[in-house]
Amino acid sequence: MAGEAHEGVVSFEPLTLGREAVMLGKVRVGEISPLDGSRYRACFRLSLPEASATSWRPASDLDDAKRLALIKINDWLNAAGVVPIGAGAGQLIACHRPEGDR
């Protein structure tokens, strides 16, 4: 999957009423919410600097919303030039921009 390059950086934490917070490290960058009575069963939104609109985006279910959020965040991290330089126990230790990109 596209999110594998930054695995361990993004997590999902439960909120009320079946919603989940999308976490980038320890910072909340989005939300996933279930939907009732719609063609789609879930939706998500992300709030990342210079990223696409922060409107709610549909997903077929909660797992699909997580997958789509991971792809969007991975694309954003790659566009920002952020690369993982070390990880332990599934957690990102540090990230940096490559020397030539500063």
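The values are calculated or read from the model by the stated rules, or taken from the named source; none is laboratory data. Because the structure is a prediction, the values reported are computed rather than measured. Surface areas here come from the heavy atoms of the whole protein model, side chains and all, with no ligands, DNA or RNA. Shrake-Rupley method; radii C 1.70, N 1.55, O 1.52, S 1.80 Å.
Points worth noting:
- Hits in region 13-62 (condition: open to solvent by 80 Å² or more (accessible area, probe 1.4 Å) and of a type in the set (Asp, Glu)): Glu13, Asp36, Glu50
- Filter pass, Thr16 being modelled with pLDDT of 90 or more, assigned to a loop (DSSP other than H, G, I, E, B) and among the polar types (S, T, N, Q): yes
- Residue-level check: of (1) of a type outside the set (Lys, Arg); (2) modelled with pLDDT of 95 or more; (3) assigned to a loop (DSSP other than H, G, I, E, B), Tyr40 misses just (2).
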